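Visitor: Just passing along the structure, written as structure tokens.
The values are calculated or read from the model by the stated rules, or taken from the named source; none is laboratory data. Just so we're clear, the structure is a prediction, and the values are computed from it rather than from any experiment. Note that each Cβ is placed from the backbone with ideal geometry, even for glycine, and that neighbours are counted across all protein chains shown. Please note that ligands, DNA and RNA were not included when accessible areas were found on the heavy atoms of the full protein model with its side chains. Shrake-Rupley method; radii C 1.70, N 1.55, O 1.52, S 1.80 Å.
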Amino acid sequence: MSEMQHPGNGTVALSTEHLVPGIQQVGSRDIEVTFLGKNAGGQPTWLLWDASQPHLIALLSQGRMGYHLEQRTSYGVMIQENISLSRVQRALGG
């Protein structure tokens with residue numbers, strides 16, 4: 001599945017299908033999630049794009065203790081480390 005959340009049951013799952021974007025609704029936002037593969041540190045990495053406007057929202061990678069989210073905000077870049085996927089969804093507005 002290429003969504004962050006399976007429909008109906010609320011569990012979180014990120015796609016690991018290379019370069020195949022999927023749309024995830026987070027709160028009132030539609031976010032396009034694309035798996036890039038592993039980064040230089042060997043961590044799975046995803047790009048998060050605004051589905052309605054062509055701009056990058058965040059870069060998400062999976063670490064040993066949780067997820068790392070580098071998010072673009074109106075105040076600049078915000079980095080959160082070792083957070084859960086439910087916290088990622090809350091940070092994105094869901």
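Visitor: Go through the residues of segment 83-91 one by one and say whether even a single one is open to solvent by less than 80 Å² (accessible area, probe 1.4 Å), touching a Lys or Arg at 6+ places or on another chain (Cβ under 8 Å), of a type in the set (A, V, I, L, M) and under 17 Å from SER15 (Cα atoms).
Guide: no
Visitor: If you don't mind, another one. Please count how many residues of segment 57-94 are over 13 Å from the mean Cα position of the chain (by Cα) and in a loop (DSSP other than H, G, I, E, B).
Guide: Residues that pass the stated criteria total 5.
Visitor: Report, by residue number, each residue of segment 1-44 that is among the charged types (D, E, K, R), at pLDDT 80 or above and crowded, with 16+ Cβ neighbours inside 10 Å.
Guide: Passing the criteria: only GLU32.
Visitor: Check segment 49-56 and report whether any residue there is surrounded by fewer than 17 Cβ atoms within 10 Å (Cβ to Cβ), among the aliphatic types (A, V, I, L, M) and either in a strand (DSSP E or B) or free of Cβ contacts under 8 Å to residues at least 12 places away in the same chain (or both).
Guide: Yes, that holds for at least one residue.
Visitor: Which numbered condition trips up TYR67, out of (1) surrounded by fewer than 16 Cβ atoms within 10 Å (Cβ to Cβ); (2) under 15 Å from LEU14 (Cβ atoms)?
Guide: Every listed condition holds for TYR67 apart from (1).
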